[in-house]
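**Q** Here it is, the structure, as structure tokens.
The values are calculated or read from the model by the stated rules, or taken from the named source; none is laboratory data. Note that the structure is predicted; figures quoted are calculated from it, not measured. Cβ atoms come from the backbone with ideal geometry, glycine included; neighbour counts cover every protein chain shown. Heads up: the accessible areas ignore ligands, DNA and RNA and are worked out on the full protein's heavy atoms, side chains in. Shrake-Rupley method; radii C 1.70, N 1.55, O 1.52, S 1.80 Å.
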Amino acid sequence: MTTLPPVTAEVAAAALESLPTRLRKRADSAAAKAANWPVAVTDATVVVRVDDSTTVTLTTTAGVVTSAEDAVCSCLLAPACLHRAAVLTLAPLAEETDGPAATAVVPSDAGDSTPVVPPETRAVDLTPPQSAAVDALRVAATAVLAAGVTGSGAVHRATLLHAAHSARVAGLHRAAAAAVRVARRLSEAGTGDPAFRLPELASELAELLTVAVGLRRAPDPDLIGTARRAYTANGSLRLHGLFTEPVVTASGYAGAVTYALAQDGRLRSLSDVAPGDADRARQAAGAAVPGGSALTLRELGDHGGAILTDPTVSPDGRIGGGGTVRSVRASGARWHEEPLATLWRRSPADQVAAALRWSAEPADARDAGGDLLFLTGTITGGGFAVDGGPTVRLLAPDERPELPYVENLRLLAGAHGLSLRLVARLAADRPSGVRALAAAWQGTDGDPVRADLGLRRLNRTHLPRTATAVIPSTPAPALPTELDLLRRAVDRAVAGGRAVTATVADGALPRRLAAVGLTTGAACARALVDTASDRRHDALGRLRPADPEAYARAWLASSIYASAATASLLTAAWAPERNHDPA
């Protein structure tokens, strides 16, 4: 099927509400059939042909289906028909848009990049609608966890989205956003999207349950969240470009994000992301920097420079547009030159610790580029030997064949002895590696070569001949086997649900964790095993109903512990004393 346009969470949530109960049970099988229905796209209209006499027509606004009335079926049962529901169930979920066009712009008197700090707010009391929304989210999330990916169908997803809509209306923005992200991951899994990663779904589900539980116990503004990023008027920005990253999401969006260093030492990002596929990601790299200059995002990222006057900037460092912004091309810098070279002088251990702290923050409060690592090192037979750090594997952030990450990294992996400067991210689900985004090295003629690994296709002529050398290196970070088994159990629970967890639960895992000193992890694992298989009988011998809430609490405790222990051990693995070469 040609890619369907994204639909808002509200439209997706309502897709099944008009169906009779008997038809709702058939929604998943209908969506599977809909994947083979031909699609025709004309301007703002998408027509899905069910058969010779039936079509579903989607009308988009800025590439998105924004209301239920924009999805129309020609059959006699419409709108309470499976055709319409199947198409809307199969369509990706729209992203929340950022930018001055969609957000209020707050004027600032600072005249620089200092963000406006809101006044401190005391703990809040939930209103009755908010309490009801939190309960609905917790129940929906618990149902997804109990059913697992394999058992969560269109009805689970619709229930989750309906609860997310109620939470958003009630002003619970963080919880609503988390619920939509969980629903999006479930959609990825259901459609077999290659971008789906089980650990990411587990992380999003843990975030949703954490927020829901926290709101019921002790609500505070951090758990409430904010509706949109507030873009603040900024006097001027002097930017030195770092690199450009292609972005392709499972929600039907694609584009490019360029990261740059501002004069205050903070990272900023400029993006062009809209509904589309990998082809649009490559094209978006050629979009112009806001403000009328002839400089493109890719040119800025390729050691370019720019001066922006009167831009709008969100507190987390994302640059918007607006009618007043003006930009001119300026001199840039290479990675080994100031001011960019300062990014690579920070110790790898400090960078990893900062990236782990960043990942623990709410998704809507993370600074742009706060998860980036700036590493120097050498390609060896064992991987990438980080100066002052361990040897790690270079992993592709995206394995789509339309983007050249995989083939570029395969080429670099064979250049033993090549010294690199690298921009990368931690791979939380694969602690022995980092996801490589961009790299720079000395070329054959001695001139610097810099490549955005997701945009520029490399060949052997880009690499100098390197002499094979024995390079001392520290083994890649590795988690204790017992902790890795707990992490896998947490993910497996999300994949298969409570029934599978009860069937395959490793009763020996708590003992193994306790034997290596991970006593808290042992308690978490024991609770997960016990609540998954708990089917006790009452005094009359009748089987008691399962307690999904107890199972969800045990799973959440195991997930939080596994994440915290992994972060602690990763920090230790990158510590300078571990990577010190006594020779």
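**Q** Being open to solvent by less than 30 Å² (accessible area, probe 1.4 Å) and of a type in the set (A, V, I, L, M, F, W, C), is that true of even one residue in region 458-471?
**A** Yes, region 458-471 contains a residue that is open to solvent by less than 30 Å² (accessible area, probe 1.4 Å) and of a type in the set (A, V, I, L, M, F, W, C).
**Q** Confirm whether Ser236 is at pLDDT 85 or above, open to solvent by less than 20 Å² (accessible area, probe 1.4 Å) and under 17 Å from Gly322 (Cβ atoms).
**A** When the stated conditions are applied, Ser236 does not pass them.
**Q** A further question follows. Got a sec? Which of Gly454, Gly433, Gly417, Gly443 is surrounded by 21 or more Cβ atoms within 10 Å (Cβ to Cβ) and either modelled with pLDDT under 95 or not basic (Lys, Arg) (or both)?
**A** From the options Gly454, Gly433, Gly417, Gly443, the qualifying one is Gly454.
**Q** Still on this structure, I have one more. Consider region 57-76. How many of its residues are out of contact with any strand residue (DSSP E or B) (no Cβ under 9 Å at 6 or more places or on another chain) and surrounded by 14 or more Cβ atoms within 10 Å (Cβ to Cβ)?
**A** Residues in region 57-76 being out of contact with any strand residue (DSSP E or B) (no Cβ under 9 Å at 6 or more places or on another chain) and surrounded by 14 or more Cβ atoms within 10 Å (Cβ to Cβ): 1 in total.
To keep it simple, each residue is scored yes or no on (1) within 20 Å of the chain's Cα centre (by Cα); (2) touching a residue at least 60 places away in the same chain (Cβ under 8 Å).
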position: Val257; (1), (2): yes, no
position: Ala260; (1), (2): no, no
position: Arg268; (1), (2): yes, yes
position: Asp277; (1), (2): yes, yes
position: Gly286; (1), (2): no, no
position: Val289; (1), (2): no, no
position: Arg298; (1), (2): no, yes
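**Q** Next up: Kindly indicate whether Asp220 is over 28 Å from Thr159 (Cβ atoms) and not hydrophobic (A, V, I, L, M, F, W, C).
**A** no
**Q** Still on this structure, I have one more. Hey, among the residues in region 420-430 that are touching a residue at least 60 places away in the same chain (Cβ under 8 Å) and within 22 Å of Ser203 (Cβ to Cβ), which one's most open to solvent (accessible area, probe 1.4 Å)?
**A** Here the answer is Ala428.
**Q** Just checking, does region 485-505 include any residue being surrounded by fewer than 15 Cβ atoms within 10 Å (Cβ to Cβ), β-branched (Val, Ile, Thr) and at pLDDT 80 or above?
**A** The answer is no, given that none of the residues of region 485-505 is surrounded by fewer than 15 Cβ atoms within 10 Å (Cβ to Cβ), β-branched (Val, Ile, Thr) and at pLDDT 80 or above.
**Q** Within region 16-27, work out how many residues are over 17 Å from Val56 (Cα atoms) and in a helix (DSSP H, G or I).
**A** 4
**Q** Scan Val169, Val134 and give me the residue that is open to solvent by 50 Å² or more (accessible area, probe 1.4 Å) and either farther than 18 Å from Pro6 by Cα or at pLDDT below 95 (or both).
**A** When all the criteria are applied, what remains is Val169.
**Q** Among the residues of region 22-52 satisfying the criterion of being β-branched (Val, Ile, Thr) and open to solvent by 40 Å² or more (accessible area, probe 1.4 Å), which is modelled with the lowest pLDDT?
**A** The selected residue is Thr42.
**Q** Let me ask something else about it. Among the candidates Ala281, Ala256, Ala260, Ala294, which residue alone is surrounded by 21 or more Cβ atoms within 10 Å (Cβ to Cβ) and either touching a Cys at 6+ places or on another chain (Cβ under 7 Å) or farther than 19 Å from Asp371 by Cβ (or both)?
**A** Matching residue, one of Ala281, Ala256, Ala260, Ala294: Ala281.
**Q** Give region 209-232 a look and list any residue that's surrounded by 21 or more Cβ atoms within 10 Å (Cβ to Cβ) and of a type in the set (A, V, I, L, M), or say none.
**A** Leu209, Val211, Ala212, Leu215, Leu223
**Q** So in region 137-159, with the set limited to residues that are closer than 18 Å to Leu19 by Cα and under 23 Å from the mean Cα position of the chain (by Cα), which one is most open to solvent (accessible area, probe 1.4 Å)?
**A** Going through the qualifying residues, I end up with Thr159.
**Q** Taking Ala341, is it among the aliphatic types (A, V, I, L, M), modelled with pLDDT of 90 or more and farther than 24 Å from Arg393 by Cβ?
**A** yes
**Q** Test each condition in (1) touching a strand residue (DSSP E or B) at 6+ places or on another chain (Cβ under 6 Å); (2) free of Cβ contacts under 8 Å to residues at least 24 places away in the same chain for Arg184 and report the one that comes out false.
**A** Of the numbered conditions (1) touching a strand residue (DSSP E or B) at 6+ places or on another chain (Cβ under 6 Å); (2) free of Cβ contacts under 8 Å to residues at least 24 places away in the same chain, the odd one out for Arg184 is (2).
**Q** Considering Arg553, Arg512, which residue is assigned to a helix (DSSP H, G or I), open to solvent by 50 Å² or more (accessible area, probe 1.4 Å), within 11 Å of Glu482 (Cα to Cα) and modelled with pLDDT of 90 or more?
**A** Of the residues listed, the single one that is assigned to a helix (DSSP H, G or I), open to solvent by 50 Å² or more (accessible area, probe 1.4 Å), within 11 Å of Glu482 (Cα to Cα) and modelled with pLDDT of 90 or more is Arg512.
**Q** Another one. Would you point out which residue out of Pro480, Pro404, Pro448 is open to solvent by less than 30 Å² (accessible area, probe 1.4 Å) and at negative phi?
**A** Step by step, each of Pro480, Pro404, Pro448 is checked, and only Pro404 is open to solvent by less than 30 Å² (accessible area, probe 1.4 Å) and at negative phi.
**Q** Another question, then. Name every residue in region 79-102 that is modelled with pLDDT of 90 or more and surrounded by fewer than 22 Cβ atoms within 10 Å (Cβ to Cβ), in order of residue number.
**A** Cys81
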